[in-house]
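The values are calculated or read from the model by the stated rules, or taken from the named source; none is laboratory data. Computed from a predicted structure; not experimentally measured. Backbone-built Cβ (ideal geometry, glycine too); neighbour counts: all protein chains shown. Accessible surface areas use protein heavy atoms only, side chains included; no ligands, DNA or RNA. Shrake-Rupley method; radii C 1.70, N 1.55, O 1.52, S 1.80 Å.
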Amino acid sequence: MSTTSADLPAFAGRHIGPRDEDIATMLSVVGRTSLDDLLDAAVPDGIRALDALDIEPAASEAAVVAELREVAARNRRVTSMIGLGYYGTHTPAVIARNVLENPAWYTAYTPYQPEISQGRLEALLNFQTVVSDLTGLPIAGASLLDEATAAAEAMTLMRRSSKAPAQAVLLVDTEVFPQTLGVVRTRAVPLQIPVVVADLAGVTSAEGLRDAAGGAEVFGVLVQYPAMEGVLHDLSALTAAAHEVGALVTASADLLALTLATPPGEWGADVAVGTSQRFGVAMGFGGPHAGYMSVRPGLERTMPGRLVGVSVDAVGAPAYRLALQTREQHIRREKATSNICTAQVLLAVMASMYAVYHGPAGLRAIALGVHAHAEALRGALRDGGVDVLEGPIFDTLRVKVPGRAREVVDAALAAGVNLWLHDADTVQLSVDETTGLVDLHRVAKAFGVVSPDQVDIAPPQWDESLVRTSDYLTHPVFSTHHSETSMLRYLRRLSDRDFALDRGMIPLGSCTMKLNATTEMVAVTWPEFAEVHPFAPHEQTRGIRGLVDQLSGWLCDITGYDAVSLQPNAGSQGELAGLLAIAAYHRSRGDDERTVCLIPASAHGTNAASAVMAGLKVVVVKTDPITGNVDMDDLKAKVEAHRETLAAIMVTYPSTHGVFEDTITDLCAMVHDAGGQVYVDGANLNALVGVARPGKFGADVSHLNLHKTFCIPHGGGGPGVGPVGVRAHLAPHLPNHPLDELAGPTDGVGPVSAAPYGSASILPISWAYVRLMGGAGLRRATEVAVLNANYVAARLREHYPVLYSGTDGLVAHECILDLRGITKDTGVSVDDVAKRLIDYGFHAPTMSFPVAGTLMVEPTESEDLAELDRFCDTMIQIRREIDEVGSGAVAAADSVLRGAPHTAEAIAGDWDHGYDRRTAAFPEGVDPTSKYWPPVRRIDGAYGDRHLVCSCPPPEAFEE
């Protein structure tokens, strides 16, 4: 039952928008007497939780910060020289303060509405340019989840791009990072892709390549550059051999090293992947960081993830947008080549700005300093008689100390430095941007040698085939903003072009754009969390591991599951992990034939894409055209048809249509009776917390979205965290990790992310949210989320049909406004309405998902009554503008709707429209003193795909 406001923690009043008197007003509009009455009518009795969440709220925001300080203090800060893809770095303060800690950047959504996303799209184009220039490959994406998943995506890209026979193998060098190999193997198993690991250092011919593969044909080769051992190899002959046999080559490359080393594109690589972590993004116990991928020409249309391109707006001015969006999974579904539907935008922005701030000369200077420290230490070890691996290196040393490796590592730790225990006889270490002479002294002492007394900065003495001679970052943006004044203004200029939650409501259905409270965010930048290496010894990470355990326990309580893995670093990866667990469970019982996954036609496209990646066969279940619910007759028929091969069903609850379907328990029972498992997609958990638990009403597994329900900000399109929760029988099949035995079950399915706990550094955000709200506050948030959605539906129903609803016309936490009839009668489209909303100072709702020609609205619990009314009043005013078109008073093509959005330049320029300037820029309800001006007019998407440009355009492109 609902609690009174007096029973709620004080923070609930900060997080939840409507006041008590507003709630009473809204309930009267909806036709309900209380929140209890609303939930009783909307939520089926059969799924309601019988007991309250037993989570005690903190006394105050200050108390939560104090608790987090105690947690942080249990982490031991040690200088990390472990390396293995994670390195110390200095985040420039101007970037930390004005990007990472700035809600104008971190509360934005994915730039699907490009006209109000030009700032971060430019920043992402900068990122793509950095990656493309440094790797020597002309087309780069707008970031991937991490280095290991980028390598796994490269594997499937090479497989579908190679003409090698179906039984051909992926050949992986022994010196690829172990976490990368682990994720590649996890992905390869369900796709039946053979993976062969071999030492490729001496392979220079097609015959040698086949020998390394055990005589098998090869479709792809994966190498680390520089190698894990630290050595830079000339890989041109290996690449030529691979191409000779029809294979593609992927280099997992260090971006900082590429400022000095010959880029992969110049020695023949087809694909480059990696991480931009050391470009100013802290290690954070493993993430989040922006992975990257770049490709040679001809592969761009098979790339996973997002790609920012340059197009033009309605008046021909250059403008940025997401390009080639036909790759989006909600369009391609089971034909998608990847389930990636997000990126690491906030981290990619930080990395791009690190490059903008330092410029090419600054990056080279940092790289030279890193290299010089490594060489100085290598020289000291050599002089002391220690066996150090020879060859050209950038930052990493592999040192032989027979029988003494543990002793050396312990001695270094006693001096405050973490080294990597490679094996009983071998120590490995990496220097980085933060390494100084004091660190070298401590390490030298641990090895028992005399420390270098100085570090001489000099170009690397490598073979000329390894030395970079090509220019990079030649675009003016990388040579313009090197003073803090200029950088500060550049960041402000870009953020001013965008619309984020700090400006107004973002009512995107299925996205849950709720408050990201500042108190929840404060711990992210604390060094006790930010500067921890993901492979640091367990005794150094007791604080963050304790937080992981406590948050996992709370999520189990909230969802009714028995175990949770926090490793997946996106909802898509949580989906994959859950489906892999189901498949592994069936195999463990000898039910190898269970490979069919039922998915309703209304499901988000990532469901089908994830099922295919998990090795399952997708069978679509119809939805009722009137109610939008799963067609139970068709479900029964499909279950019977596949009874012996049924692995699972994937359903979203409440449904993707925003309805509490009352057949969910029957659906679960029907699938279980046939031997299948039930996957409930947690995308809409914001309508269930404290009210119903999927693990108790029939589900076996769910992924959650901490970046939706549990307040991690969307960051303009990432980061995210997609934990997977399971019932006990699936727990042995959760993800684990090759470098951390505590990060999952012994016989788990393998890693799905590079780091043992994924994006661990942002988990304190969700921990703080749950701790601040407590069980009662979390339930109230759900109640108000449902109320807000029903209030919007009630106010707009007479102006726009609400497509689907449940009992008594009630919806869950979102509603779908049906514009199809309006479009048929008037020619005014959802695009027109979305762009016109910009003129009124709103981000559009979700367009044409899950039903084409509709708008899906999710207001969340954080929006207050004034903002809800402003949105509803705006939508009603837009309906009047539509009616003018419908009456014949104005043609759709000449209407203010089709002309939207209107820029300040358009208002000030020549005017040949049939409506006046004030109607365009200051329609009813818009406050002229707080007007948001879009920087560009409506963007021509088709032009951008026909003329694909994915790196920074020259300044001349922006001239009149």
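Looking only at region 891-927, residues that are under 16 Å from F842 (Cβ atoms) and either open to solvent by 50 Å² or more (accessible area, probe 1.4 Å) or hydroxyl-bearing (S, T, Y) (or both) come to 4 in all.
Yes/no per residue for (1) charged (D, E, K, R); (2) over 25 Å from H813 (Cα atoms):
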{"site": "V621", "(1), (2)": "no, no"}
{"site": "V651", "(1), (2)": "no, no"}
{"site": "A669", "(1), (2)": "no, yes"}
{"site": "D673", "(1), (2)": "yes, yes"}
{"site": "R693", "(1), (2)": "yes, no"}
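The condition (being more than 24 Å from the chain's Cα centre (by Cα), open to solvent by 20 Å² or more (accessible area, probe 1.4 Å) and of a type outside the set (A, V, I, L, M)) is satisfied by just one residue among R836, R870: R870.
Against the conditions (1) open to solvent by 10 Å² or more (accessible area, probe 1.4 Å); (2) within 30 Å of R97 (Cα to Cα); (3) within 27 Å of the chain's Cα centre (by Cα), P318 satisfies every one except (3).
When you check L763 against the structure, is it under 29 Å from V184 (Cα atoms), in contact (Cβ under 8 Å) with a residue 24 or more places away in the chain and in a helix (DSSP H, G or I), yes or no? Criteria met by L763.
Condition check ((1) within 25 Å of the chain's Cα centre (by Cα); (2) assigned to a helix (DSSP H, G or I); (3) among the β-branched types (V, I, T)) across all residues:
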site	(1), (2), (3)
Q567	yes, no, no
Y585	no, yes, no
V618	yes, no, yes
T665	no, yes, yes
A669	no, yes, no
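The residues of region 259-313 that are at pLDDT 95 or above, assigned to a loop (DSSP other than H, G, I, E, B) and within 19 Å of the chain's Cα centre (by Cα), listed by number, are S276, Q277, R278, F279, G280, V281, A282, M283, G287, P288, H289, A290. Residue pairs, Cβ under 6 Å, 6 or more apart or interchain, first in region 868-880 and in a helix (DSSP H, G or I), second basic (K, R) and surrounded by 18 or more Cβ atoms within 10 Å (Cβ to Cβ). List them. What qualifies is C872/R795; I878/R836. Does region 225-244 include one or more residues that are in contact (Cβ under 8 Å) with a residue 24 or more places away in the chain and assigned to a strand (DSSP E or B)? Yes, because at least one residue in region 225-244 is in contact (Cβ under 8 Å) with a residue 24 or more places away in the chain and assigned to a strand (DSSP E or B). Looking only at residues in region 233-260 that are aliphatic (A, V, I, L, M) and closer than 27 Å to V356 by Cβ, the one that is surrounded by the fewest Cβ atoms within 10 Å (Cβ to Cβ) is L260. Considering region 369-387, the residues that are of a type in the set (A, V, I, L, M, F, W, C) and closer than 18 Å to L84 by Cβ include one that is farthest from the chain's Cα centre (by Cα), namely L377.
Being open to solvent by 10 Å² or more (accessible area, probe 1.4 Å), over 23 Å from the mean Cα position of the chain (by Cα) and at pLDDT 95 or above is a property that holds for P138.
May I ask you to list the residues in region 196-220 that are assigned to a strand (DSSP E or B) and without any contact (Cβ under 8 Å) to a residue 60 or more places away in the chain?
Residues satisfying the conditions are V196, V197, A198, V218.
Summed over region 709-760, the residues that are more than 16 Å from P568 (Cβ to Cβ) and assigned to a loop (DSSP other than H, G, I, E, B) give a count of 13. Cβ separations smaller than 9 Å between residues 6+ apart or across chains give the following pairs from region 399-428 residues that are aromatic (F, W, Y) to residues that are part of a loop (DSSP other than H, G, I, E, B): W420/M81; W420/I82; W420/L84; W420/F535.
Exactly one residue among D432, D439, D410, D453 is modelled with pLDDT under 95 and either not charged (D, E, K, R) or not in a strand (DSSP E or B) (or both), and that residue is D453.
Give region 508-531 a look and list any residue that's over 18 Å from A63 (Cβ atoms) and not in a loop (DSSP other than H, G, I, E, B), or say none. Let's see the steps before the verdict.
Taking region 508-531 and keeping what is over 18 Å from A63 (Cβ atoms), we get 508-516, 524-525, 527-531.
Scanning region 508-531 gives L508, V524, T525, P527, E528, F529, A530.
When G888 is tested against (1) in a loop (DSSP other than H, G, I, E, B); (2) farther than 30 Å from N790 by Cβ; (3) open to solvent by 70 Å² or more (accessible area, probe 1.4 Å), exactly one condition is not met: (3).
Among the numbered conditions (1) touching a Pro at 6+ places or on another chain (Cβ under 8 Å); (2) open to solvent by less than 10 Å² (accessible area, probe 1.4 Å); (3) assigned to a loop (DSSP other than H, G, I, E, B); (4) not hydroxyl-bearing (S, T, Y), the only one that L547 does not meet is (3).
Note on region 134-155: residues that are part of a helix (DSSP H, G or I), touching a helix residue (DSSP H, G or I) at 6+ places or on another chain (Cβ under 7 Å), in contact (Cβ under 8 Å) with a residue 60 or more places away in the chain and closer than 24 Å to S610 by Cβ total 5. Where helices (runs of 4 or more DSSP H) fall wholly inside region 18-133, the ranges with 1 or more residues that are among the acidic types (D, E) and in contact (Cβ under 8 Å) with a residue 40 or more places away in the chain are 20-30, 61-73. Can you name the residue in region 502-525 that is among the hydroxyl-bearing types (S, T, Y) and either within 17 Å of the chain's Cα centre (by Cα) or buried (at least 24 other Cβ atoms within 10 Å of the Cβ) (or both) and is also farthest from N788 (Cα to Cα) among such residues? By that ranking, first place goes to S510.
Taking the conditions exactly as written (open to solvent by less than 30 Å² (accessible area, probe 1.4 Å) and in contact with a Ser or Thr (Cβ under 7 Å, 6 or more places away or on another chain)), does L819 satisfy them or not? Considered against the rule, which asks whether it is open to solvent by less than 30 Å² (accessible area, probe 1.4 Å) and in contact with a Ser or Thr (Cβ under 7 Å, 6 or more places away or on another chain), L819 comes out as yes. Taking the listed residues V477, V455, V438, the one that is of a type in the set (A, V, I, L, M) and out of contact with any helix residue (DSSP H, G or I) (no Cβ under 9 Å at 6 or more places or on another chain) is V438, with no other qualifying.
Of all residues in region 696-733, those being open to solvent by 10 Å² or more (accessible area, probe 1.4 Å) and either of a type in the set (A, V, I, L, M) or at pLDDT below 95 (or both) number 2.
Considering region 899-926, the residues that are in contact (Cβ under 8 Å) with a residue 40 or more places away in the chain and not small (G, A, S) include one that is nearest to G141 (Cα to Cα), namely P901. Scanning region 84-94 for residues that are out of contact with any Lys or Arg (no Cβ under 7 Å at 6 or more places or on another chain) and surrounded by 24 or more Cβ atoms within 10 Å (Cβ to Cβ) yields G85, Y86.
Hey, among the residues in region 413-472 that are small (G, A, S) and touching a Pro at 6+ places or on another chain (Cβ under 8 Å), which one's most open to solvent (accessible area, probe 1.4 Å)? Here the residue is S470.
How many residues are open to solvent by 70 Å² or more (accessible area, probe 1.4 Å), more than 10 Å from P360 (Cα to Cα) and among the polar types (S, T, N, Q) when one looks only at region 473-492? Residues meeting the conditions: 2.
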